[in-house]
Amino acid sequence: MGRAFAIPGCCLALALALLLPPAARGVPQRHPRPGRRFPSFLTDSACKNRPLDLVFIIDSSRSVRPEEFEKVKIFLSKMIDTLDVGERTTRVAVMNYASTVKVEFPLRTYFDKASMKEAVSHIEPLSAGTMTGLAIQTAMDEVFTEEMGTRPATFNIPKVVIVVTDGRPQDQVQDVAASARAAGIEIYAVGVDRADMQSLRIMASEPLDEHVFYVETYGVIEKLTSKFRETFCAANVCALGTHDCEQVCVSDSGSHRCDCYEGYALNPDKRTCSAVDMCAPGRHECDQICVSNNGSYGCECYEGYSLNLDKKTCSAVDMCAHGRHDCAQVCLSNDGSYSCDCFEGYTLNPDKKTCSAVDMCAPGRHDCEQICLRDDLFYTCDCYQGYTLNPDKKTCSRATTSSLVTTEESCKCEAIVALQDSVTSRLEAL
C-alpha cells in the first residue's frame, strides 16, 4: 500500500514553457532547481483553474473513523480554497456515501467559497457499507443534470468526479464507472490506507497514472491538494483570468478570442455580448406572435386563437362554444371572433348581445287591412264593426245589413264606420 501515483507536469512548468522561444518549447520539461525563483505571475496565487463542474464523492463507511472523516472534510475545504469557485467558473457539489448515498449539496447551491466550506463543516458520516457504484450512478442521475446546476453541453465545461475511499466497493462499480466515463465524466480515484488499488484503477479515467492517487493515511491526504491544483491549473490567458471576455474565453494557439453563450451574439468590440433578438424575421418558427426572452423565445397566439401542442402554430378557438360568449340567443362564429343575433321575431338591442321581441303590429310590419291583433311573436287580422274578414284573413268587406235595420240605425252605423276610418287614417299618418 506504499505506492503513490504522481501527476506529471505543473502549472509553473507550463507557464514557464510559454516564455521560451518556439524552437525551445520541444525540449523535455525539467523540474526547477531548489531555490530558483520565478516571476510573480507564475506563482500559485496567479494560476487559476479552468472552469469545471466538479463533484466530490466521499466515503463515510464504518471503516472511516470520526477523526479520519474530519481530515477528509479539511481536505475538501482546502481543495475548495484552491479552486476558482463561481457561477461562471468552477461549480462544486459534494456527495456522501456508505450503504446509502446523500447529496450534501448540488452544483447549483453555492457559488462562493465561504458558504461552501461552511456546508462541508456540517457533513456527518453515514456509517455501514461501501456502495461506490451506487454513488457514481447517483452522481450521473441526480447531480450531473441541468436542473441541479450542471451547465449545458454547448458550454463545453468539463464534468469531473473525485472519489475518496479507504475500502473495497461492495457493488459492481466497473460497469457504472464505464458508463460515467462514456457520458463524458472524468473520474479521479483517491485511495487511503486500506483502499483496494485494483478497484481504484477500474473506476478511474485514463491515463491511470494521472487519475489514480494513493496516500497512506487520512492524516496526509491534504498533500494531494497541490497535486489537484497542478492538474486543474491551466497556463493560458483564459484560465489565468487575464482576458476581458464578458462570457466565454476560447484559447487559440497561445492567444485567445471571445465568444458568447447560446442566444447571444458578440458585439463589434469582440469582447462583450448582447442577447440575440430571437424574434427577428427568419429566426423563429412562431405562427402568429413571437415573444423574445433573454436570448430565447416563446410563441403565443392572437386573441381568439390557442397555441397547438407543437408550441408554434395556432388554431382558431370556437368562440361560440358554451361558456365562451355572452349572446342572449344566437352566436355567430367568425374566425376567432363572434357576433350576436336573434331568433325570428326578435331584434338585437343596442348592447349587441341581448334581444327584444318585435311588435308585429307596428305600422309597416303587418298586412292587416283594418285591425292587427298581436299575439306574442305572431299576429292576426280583424275588422271594424260592420265589416267581416275575408277568406284571405287580411282584408275586410262591409257586412250585409238586415232589412230590419232602421234608417236611423243605418245612419248611426255609417257614422261609426266613418269615425273609425278617420281614426285609422290618423293613426297610420302618425
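The values are calculated or read from the model by the stated rules, or taken from the named source; none is laboratory data. Note that this is a predicted model, so its numbers are computed, not measured. Because the Cβ atoms are built from the backbone with ideal geometry, glycine has one as well, and the counts that use them run over all protein chains shown. What goes into the accessible areas is simple: the full protein's heavy atoms, side chains included, and nothing from ligands, DNA or RNA. Shrake-Rupley method; radii C 1.70, N 1.55, O 1.52, S 1.80 Å.
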**OP:** Kindly establish whether Pro158 is under 25 Å from Ser77 (Cα atoms), under 37 Å from the mean Cα position of the chain (by Cα) and surrounded by fewer than 16 Cβ atoms within 10 Å (Cβ to Cβ).
**Re:** yes
Subject >> Search result, residues across the stretch 79-93 that are out of contact with any Asp or Glu (no Cβ under 6 Å at 6 or more places or on another chain), buried (at least 18 other Cβ atoms within 10 Å of the Cβ) and modelled with pLDDT of 90 or more >> reply: Met79, Ile80, Val85, Val92, Ala93
**OP:** From Glu186, Glu142, Glu230, Glu210, grab the single residue that is open to solvent by 10 Å² or more (accessible area, probe 1.4 Å) and within 18 Å of Glu104 (Cβ to Cβ).
**Re:** Glu142
Subject >> Residues of the stretch 254-275 satisfying the condition of being of a type in the set (Lys, Arg) and touching a residue at least 24 places away in the same chain (Cβ under 8 Å) >> reply: Arg271
**OP:** Within the stretch 267-290, track down each residue that is open to solvent by 60 Å² or more (accessible area, probe 1.4 Å) and on the phi < 0 side of the Ramachandran plot.
**Re:** Pro268, Asp269, Arg271, Asp277, Pro281, Arg283, Glu285, Asp287
Subject >> Enumeration of residues in the stretch 346-359 that are under 30 Å from Ser397 (Cβ atoms) and open to solvent by less than 40 Å² (accessible area, probe 1.4 Å) >> reply: Val358
Original post:
Under the condition of being at pLDDT 80 or above and either among the aliphatic types (A, V, I, L, M) or open to solvent by 60 Å² or more (accessible area, probe 1.4 Å) (or both), which residue from the stretch 326-336 is farthest from Gln288 (Cα to Cα)?
Top reply: Ala328
**OP:** Return yes when Gln370 is surrounded by 15 or more Cβ atoms within 10 Å (Cβ to Cβ) and outside the structural domain of His325 (by the TED database) and no when it is not.
**Re:** yes
Original post:
Take the residues of the stretch 189-201 that are surrounded by fewer than 17 Cβ atoms within 10 Å (Cβ to Cβ) and part of a helix (DSSP H, G or I): which is nearest to the chain's Cα centre (by Cα)?
Top reply: Arg201
**OP:** Considering (1) in the same structural domain as Lys73 (by the TED database); (2) at pLDDT 90 or above; (3) surrounded by 15 or more Cβ atoms within 10 Å (Cβ to Cβ), say which one Glu222 fails and leave the rest.
**Re:** (2)
**OP:** Please work out if Asp166 is assigned by the TED database to the domain that holds Leu54, open to solvent by 60 Å² or more (accessible area, probe 1.4 Å) and either β-branched (Val, Ile, Thr) or more than 17 Å from Thr90 (Cβ to Cβ) (or both).
**Re:** no
**OP:** Scan the stretch 374-389 and report the pairs whose first residue is assigned to a strand (DSSP E or B) and whose second residue is open to solvent by 70 Å² or more (accessible area, probe 1.4 Å), with Cβ atoms within less than 6 Å and a gap of 6+ or a chain change.
**Re:** Thr380/Leu373; Cys381/Lys393; Cys381/Lys394; Asp382/Leu373; Tyr387/Arg398
